[in-house]
Every structure is written in structure tokens, then in C-alpha cells.
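The values are calculated or read from the model by the stated rules, or taken from the named source; none is laboratory data. Source: prediction; values computed, not measured. Heads up, the Cβs are rebuilt from the backbone with ideal geometry, glycines too, and the neighbour counts pull from every protein chain shown. SASA here: full protein model, heavy atoms, side chains in, ligands and nucleic acids out. Shrake-Rupley method; radii C 1.70, N 1.55, O 1.52, S 1.80 Å.
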There are 2 protein chains.
Amino acid sequence: MTNANQVKKTGNIRAKSQVKILTAARTEFVLQGYRGATVQSIADRAALPKANILYYFKNKENIYHAVLEHTLEMWDEGIGDIEADQGPKVAIEKIIEAKVRMSFKHPEASKIYAMEIIQGAQHLKDYARTYQRQWVREKAKLFQQWIDKGEMANVDPVHLIFLIWSATQHYADFETQILTIMNRADFEEDDVEQVIAFLCDIILRGCGLD
Amino acid sequence: MTNANQVKKTGNIRAKSQVKILTAARTEFVLQGYRGATVQSIADRAALPKANILYYFKNKENIYHAVLEHTLEMWDEGIGDIEADQGPKVAIEKIIEAKVRMSFKHPEASKIYAMEIIQGAQHLKDYARTYQRQWVREKAKLFQQWIDKGEMANVDPVHLIFLIWSATQHYADFETQILTIMNRADFEEDDVEQVIAFLCDIILRGCGLD
DNA sequence: AAGTTACCTGACTAAATGGTTAACAACAAT
DNA sequence: ATTGTTGTTAACCATTTAGTCAGGTAACTT
């Protein structure tokens, strides 16, 4: 067997185990919080002995960091990028759609991130904490240009972004509450489209874009 | 000394200690989560010996329940009630203003509640879990009547309430992130009014109420 | 003054937890 | 076959944690 194959094979075991562990860990961290999730509980959920978990990850904090990192990557990929030439309507629609789809597809990722921020972002490195500042500044600048050109109502662009973020993430983070209020056991396919339609409708009109 | 005075005096010690403990506990629960907050850390923050904490509260779960209950009471008091005869514009303004003020005044309460919901509301009793269903149903009914009378745009009332909740709570729960993005150390008086104005402006217009 | 109640706390314990180690198993390369 | 690498895991340990308890003090009542 070639060296490449060997790397691939061992890499597979490693990768598979890590995915199993991280998946279990993500769930445990959401359900129990950082301190409440024990290495043992993660091991149980992953159906692996505890020592095996600590063979692949030096320690608990490492597991959490890996989960967090994965979450941030997902956020980065999932958030639709917008450009100046497409106009405010398409831009807002793209952001709303991307974020709503992410919320329904990866609620746990959103929850982990939310809990981290709520608790003061103690585990986030500085670059991760300030990363979004640049993102918001850039997008806000675009919105401001559209406002200056009279292409949309004069609303504070930064707060507009907060509004879109909060409204979309809400469906992930407060899943439990929303399902209770809607008297449902689970979300269905239609819900995603309905939420996208609702938010686009009201926010676009709110921006004078109907 | 009369019996009433005795009750008052001892009651004061009890009440004072409990407030001190609950205040410390709330902060610890926010910063460290339920499992991460230790009785010792609460004791340290309250500047009391650990055994004293457990004199006033049977156990850790009891402390948490007391904190949660206090949070729910605050939510109940703080949320402005709306009525049919005032029309949709005033109603929405009242809800937004009440919730934004609460978010800026008691961010910790909002955070505790948010974390509890995110983690699946494991500590909330059934009546607390379903309490808001009735609240939302009632208010949604009002909105629907206004829609039917053509007094506001045809937007889903339930999702409208979710939108208002999420947008307002965001300023409490994601305080850390918002401050980082706005490059600020703290919120100021003006911010509250500005957020209220922004949200009323965009949401009212979104509901066809400008 | 004596008794009763509320309040306070250092010292302790049993259980849980994160992490280590040492021995072993699978397997590929030489 | 031997050697080295990777994966596996039971047993173990030091520390932390929630909660108990016994012995106190202070305040109030009679």
C-alpha cells in the first residue's frame, strides 16, 4: 500500500472519530453549557470510552474550541455576501434568506455561538471578537451609500444589521420557545420559506423597499 | 418590642441576605452558566461564607429557581400591556419601548432567560413554558383584528411578535457583541432612545403604519 | 434570668470530574 | 518476523464540588 493510502486510512479513522466526538460535544455543550458538559457525557453520547475522547483531544477546552471554530467557519460560509451593484432590496433579501436557512439547518451552531456571546465571549479570541466589526462596518457603508442615493429609507444601517441578525437567529436560539408557542413538535420545510417571506416583506417595507 | 417589629427586623436580615445572594447568583449564572456557577463562587461574590448561602437556600437548584422566578416576574411586569382600542401603532410602540427599556435596564435577567430557553428550558416548569403561548395568542388576535379592519398591513401577527421580541432582547443578550461592533465600552442613555426610535420607525413602516 | 428562635460558620464527607498512565491491539513498512 | 505508528481502554489519581453538621452567637420573649 502506498504512503498516500496509509495516510488516507489512518486519517479516516482520526477524522471519523473527531467528527463523532465533535457532534456529540456540540449537543452536550448546547444542552448543558461548557461546565455542565462533562467529558464523560460527551463520551457516552459519542458511544466511546472517555479515554478515547482524550486521545483525540488533549483536553475539554480543546474540544470546545474545536466546536467553536467549526461554528464560526459555518457562520462565515453561510452568510451570503452582498455587493454594491445589486441594490438594497436584493442585498437584504440575500442576507435574510442565508441567515434564516442557517438558523433552521444548524440551530445548534447558532445556540453555541449565542451562549458564548451571552456569557461574555470568554472563550473567543480577540480576532474572533472583532472580526464581525469589520464585516458590519463594510456592509453598513454599502447601506449608507444606498440611503444617500435615495434608494432606501434613512434607517441606521448598523441597527438594521442587528435587526436582521436578531430576527433570523431567533428561530435557532429560541427554537424551544417558538415551538411551544406555535404548539408544534418540530419545524417543517414550509416554515423556513414562510419565515423568509415574512421577514423580507416586513423589513423591506420598513426600509421603504416595497 | 412588639411582635411586628421582631418580624420586621428578622425579616430584614433574611430579605437582605437573600437579595445579596440572588444578585450574586444571577451574575454568576450569567457568567458561568448553571453548572459553572459554584456555590462557592456565589458565596465569594456575595461576600458571605458558603454555609451561609446554604442556610438561606436549601441547595444550588433552589437558588437558580429563585433567580429564574424573579426573572419571569420582571418580564411579566415590564412588558407593557396593549389593548384593542388604542390601535396598532400605539400598541407596537408600547411593546417595543417596554422591551427595549427592560433590555437595557436588566440585561442579566434577559440573559438568564435566554440561556434557559436555548438549553431547552430544562428548569422551567410547564406553566412557565406555556404561559407565553396564551400571551402571544391574545396579542396576535388583537393584531389580526386590526389587520382585518385594514388598520395595518397583512403581516403574520405571531411572527411579528417574534420579530419584536428578538430585536429588543438582542440588545441585552448580545450586549458584548454589540458593544464590540459599535466600539464602545458601555451603553449610554441616548442609546436606549435611539434604539427605540429606530425599531419603532422601521417596524411601524414595515406594518404599513407610517 | 431563662428559654426560644433565628442566624452564622469552620470543618467535614461522599461523589463527580478532568486528566494521566500503562498496557495492549491493529496494522503497515521494512 | 521485527519494528514503529496509530488507535484503544481499564484503572487510577488529584482536585473540585454540593451538601451536611455540630457547635456556636445574637436577638428577642416571657
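Can you bin chain A into rounded, prolate or oblate? Criterion: square roots of the alpha carbon gyration tensor eigenvalues sorted a ≥ b ≥ c, rounded for a/c under 1.5, prolate for a/b above b/c, oblate for the rest. It comes out prolate by the Cα gyration axes. Using only the Cα atoms of region B:108-210, build the gyration tensor, take square roots of its eigenvalues as a ≥ b ≥ c, and label the shape rounded, prolate or oblate: rounded if a/c is under 1.5, else prolate if a/b is larger than b/c, else oblate. Here region B:108-210 falls in the oblate category. Note on chain B: GNM, Cα springs under 10 Å; of B:Gly87, B:Gly33, B:Gly150, the largest mean-square fluctuation is that of B:Gly150.
Across region A:36-53, rounded Karplus estimates of 3J(HN,Hα) from the backbone phi angles (6.51 cos²θ - 1.76 cosθ + 1.60, θ = phi - 60°) give x, 6, 9, 4, 5, 5, 5, 4, 4, 5, 7, 6, 9, x, 3, 4, 5, 4 Hz, Gly and Pro being marked x.
From the alpha carbon centroid of region A:115-153 to that of region B:136-194 is 19 Å.
Mean residue ellipticity at 222 nm from the helices of chain B, using -39,500 (n - 2.57) per DSSP H segment of n ≥ 4 over the full residue count, to the nearest 500 deg cm²/dmol? That calculation yields -26000 deg cm²/dmol at 222 nm.
Phi angles across region B:22-29 convert, under the Karplus curve 6.51 cos²θ - 1.76 cosθ + 1.60 with θ = phi - 60°, into 3J(HN,Hα) values of 5, 5, 4, 5, 4, 4, 5, 5 Hz, Gly and Pro given as x.
Placing R0 at 60 angstrom, the Cβ-Cβ distance between A:Lys58 and B:Glu138 gives a FRET efficiency of 0.70 after rounding to 0.05. Loop-located GluC sites (Glu not before Pro) across region A:78-109 with a Cβ neighbour count of 16 or fewer within 10 Å are A:Glu83, with loop assigned by DSSP. Phi angles across region A:167-181 convert, under the Karplus curve 6.51 cos²θ - 1.76 cosθ + 1.60 with θ = phi - 60°, into 3J(HN,Hα) values of 5, 6, 5, 3, 5, 8, 5, 9, 2, 3, 5, 5, 4, 4, 5 Hz, Gly and Pro given as x.
Given label points at 7 Å from Cα along Cα→Cβ, what nm distances, shortest first, separate A:Arg133 from the same residue in every other copy? Copy-to-copy label distances for A:Arg133: 4.5 nm.
In region A:3-66, carbon and sulfur make up what percent of the accessible area (probe 1.4 Å)? Whole-percent figure for carbon plus sulfur exposure: 53. The relative contact order of chain A, computed from alpha carbon pairs under 8 Å that lie at least 6 residues apart in sequence, is 21 percent. Quick one: buried accessible area between A and B, total over both chains, 1.4 angstrom probe, nearest 100 Å²? Separately minus together, A and B give about 5000 Å² buried. Based on Cα contacts under 8 Å between residues 6+ apart, region A:3-66 shows a relative contact order of 32 percent. Ordering A:Gly206, A:Phe143, A:Ser166 by the projection of their Cα atoms onto the charge dipole of the protein assembly as shown, which places +1 on the Cβ of Lys and Arg and -1 on the Cβ of Asp and Glu, puts A:Ser166 at the extreme positive end. Counting trypsin sites (Lys or Arg not before Pro) as exposed when in a DSSP loop with at most 10 other beta carbons within 10 Å, what is the longest stretch of chain A free of them? So the longest stretch without any such site is A:59-148. Remark: region A:85-173 carries a charge dipole of roughly 140 debye about the Cα centre, counting +1 on each Lys and Arg Cβ and -1 on each Asp and Glu Cβ. A straight Cα-to-Cα reach below 23 Å connects B:Lys89 with the lysines B:Lys99, B:Lys139, B:Lys141, B:Lys149, residues fewer than 8 places away in its own chain not being considered. Are there GluC sites (Glu not before Pro) in region A:172-210 that DSSP marks as loop and that have at most 13 other Cβ atoms within 10 Å, and which are they? For GluC sites (Glu not before Pro) across region A:172-210 that sit outside H, G, I, E and B with at most 13 neighbouring Cβ atoms in 10 Å, the list reads A:Glu188. Just checking the listed ones, A:Thr180, A:Thr71, A:Thr168: in the Gaussian network model of chain A with Cα springs under 10 Å, the one fluctuating most is A:Thr180. Counting only protein heavy atoms and a 1.4 Å probe, chain B has 48 square angstrom of accessible area per residue. Rounded to the nearest 20, the Cβ-based charge dipole of region B:3-67 about its Cα centre (Lys and Arg +1, Asp and Glu -1) stands at 220 debye.
Result for chain B in a Gaussian network model with C-alpha springs under 10 Å: among B:Met182, B:Met74, B:Met102, the largest mean-square fluctuation is at B:Met182.
The count of lysine pairs in region B:3-67 with alpha-carbon distances below 18 Å, taking only pairs 8 or more places apart or on different chains, stands at 10.
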